[in-house]
1. Would you check if there is a residue in the range 94-103 being surrounded by fewer than 16 Cβ atoms within 10 Å (Cβ to Cβ), out of contact with any Cys (no Cβ under 7 Å at 6 or more places or on another chain) and closer than 21 Å to Ala242 by Cβ?
2. Take Gly109 and tell me if it is open to solvent by less than 40 Å² (accessible area, probe 1.4 Å), in a loop (DSSP other than H, G, I, E, B) and small (Gly, Ala, Ser).
3. With respect to Ala177, determine if the residue is open to solvent by less than 30 Å² (accessible area, probe 1.4 Å), assigned to a loop (DSSP other than H, G, I, E, B) and either of a type in the set (A, V, I, L, M, F, W, C) or free of Cβ contacts under 8 Å to residues at least 24 places away in the same chain (or both).
4. If you check every pair at least six apart or on different chains, which have Cβ atoms under 6 Å apart with a residue in the range 68-83 that is farther than 15 Å from Gly44 by Cα first and a residue that is at pLDDT 90 or above and of a type in the set (A, V, I, L, M) second?
5. Name every residue in the range 287-318 that is farther than 12 Å from Ser167 by Cβ, assigned to a helix (DSSP H, G or I) and out of contact with any strand residue (DSSP E or B) (no Cβ under 7 Å at 6 or more places or on another chain), in order of residue number.
6. Name the pairs whose Cβ atoms lie under 9 Å apart, with the first residue in the range 222-248 and within 18 Å of Ala89 (Cα to Cα), the second among the aromatic types (Phe, Trp, Tyr) and outside any strand (DSSP E or B), and 6 or more positions between them or separate chains?
7. Every residue in the range 145-158 that is out of contact with any helix residue (DSSP H, G or I) (no Cβ under 8 Å at 6 or more places or on another chain) and in contact (Cβ under 8 Å) with a residue 24 or more places away in the chain, please.
Amino acid sequence: MTSAAVVAFAQSPCERRGSGTTGGVEMLVPLFAEVFRQTGLSKGDIGFWCSGSSDYLAGRAFSFVQAVDAIGAFPPVMESHVEMDGAWALYEAWVKVLTGEAEIALAYGFGKSSGAELRRVLALQLDPYLVAPLWPDSVSLAALQARLGIDAGRWTEQDMAEVAARSRAAARSNPFAQLSGDVSPDELLKQPYIAEPLRAHDCAPIGDGAAVVIIASGSRARDLCESPAWITGFEHRIDSAAFGARDLLTVPSATAAAAAADLGAVDVAELHAPFTHQEILLREALGLGPEVAVNPSGGALCGNPMFAAGLARIGSAAHAIMSGRAESAVGHAASGALLQQNLTCVLRK
């Protein structure tokens, strides 16, 4: 088995575009051009392509096939797809590189959340027999988890508001963020609830977007990038889909994925936490101390394009290394209700 490194990353601005606007192809074509510009590669140099998206979000079967138009129908390519966030597509691409089936692989994720009633669509991720028929929306479920933590003394609404304020302040330097700016926690706490104890700032905004990451084998990485972000560990784990079968105030799958990826000490952590209290849970689950810079990009709370946000967290973590701002980082992605599925990608200089 060989080694692999991230050599390029690009993402689109996260925006709430609404119906009748850009789709997957329109978002992806300029991103492919950008990562090719960064590396000097062309489409013909990519040995394996893998995408992450959702037919449920798009509202039609095999929706990812249309996005393949961004690659080009000819000549034929080795291509795959996961009905998950693009972070899981990157995992499949990483396996292809490690096993020698490809020297260079490209993973991408895209989603248009504004074209659907997202809170309702995400209910389709739930237990299809006992929970999904009740149509509990994603925000209301997260509110139950947040209330459990408050009642257990694990955090307060003030703690949650501080997470939101810090994220928006960090996002000022991120031109791709949907939300950014200076706001005090006290001002945020004056806003009304949308699902008590959650306010709008506690929830990731609905937005459309895409992300692209190129990885390369050890023999090619330094030719394509001056300072590659080497993947030293990459794992994903899953908890039970039955809410009564797990403690909602712990994230054992995140802890297990971090341990399997040999997380260790890192300078930067990009966490895919769509709700403020979930960042607190993930910090604890991954054992991140106050010395770690968490979500310097602003994270999902400042832009959460479905099925691209997790890949963007890994790309942002890698970019911190490639740009010289960090020597080690972890990118995290989550999927499913209440942090059911978790993936960690450990990157080092």
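1. no
2. no
3. Against the criterion (open to solvent by less than 30 Å² (accessible area, probe 1.4 Å), assigned to a loop (DSSP other than H, G, I, E, B) and either of a type in the set (A, V, I, L, M, F, W, C) or free of Cβ contacts under 8 Å to residues at least 24 places away in the same chain (or both)), Ala177 qualifies.
4. Final answer for the pair search is Val82/Ala89.
5. Answer for the range 287-318, where residues must be farther than 12 Å from Ser167 by Cβ, assigned to a helix (DSSP H, G or I) and out of contact with any strand residue (DSSP E or B) (no Cβ under 7 Å at 6 or more places or on another chain): just Ala309.
6. Ile231/Trp94; Phe234/Tyr91; Phe234/Trp94; Glu235/Tyr91; His236/Trp88; His236/Tyr91
7. Arg147, Leu148, Ala152
Yes/no matrix, rows are residues, columns are (1) open to solvent by 30 Å² or more (accessible area, probe 1.4 Å); (2) in contact with a strand residue (DSSP E or B) (Cβ under 6 Å, 6 or more places away or on another chain):
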| site | (1), (2) |
| --- | --- |
| Ala33 | yes, no |
| Phe36 | no, no |
| Thr39 | no, yes |
| Cys50 | no, yes |
| Ser54 | no, no |
| Phe64 | yes, yes |
| Gly72 | no, no |
| Val77 | yes, yes |
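The values are calculated or read from the model by the stated rules, or taken from the named source; none is laboratory data. All values derive from a computational prediction rather than experimental measurement. Cβ coordinates were reconstructed from backbone atoms using ideal geometry, including for glycine residues, and neighbour counts include every protein chain displayed. Accessible surface is based on the protein model in full, side chains and every heavy atom, while ligands, DNA and RNA are left aside. Shrake-Rupley method; radii C 1.70, N 1.55, O 1.52, S 1.80 Å.
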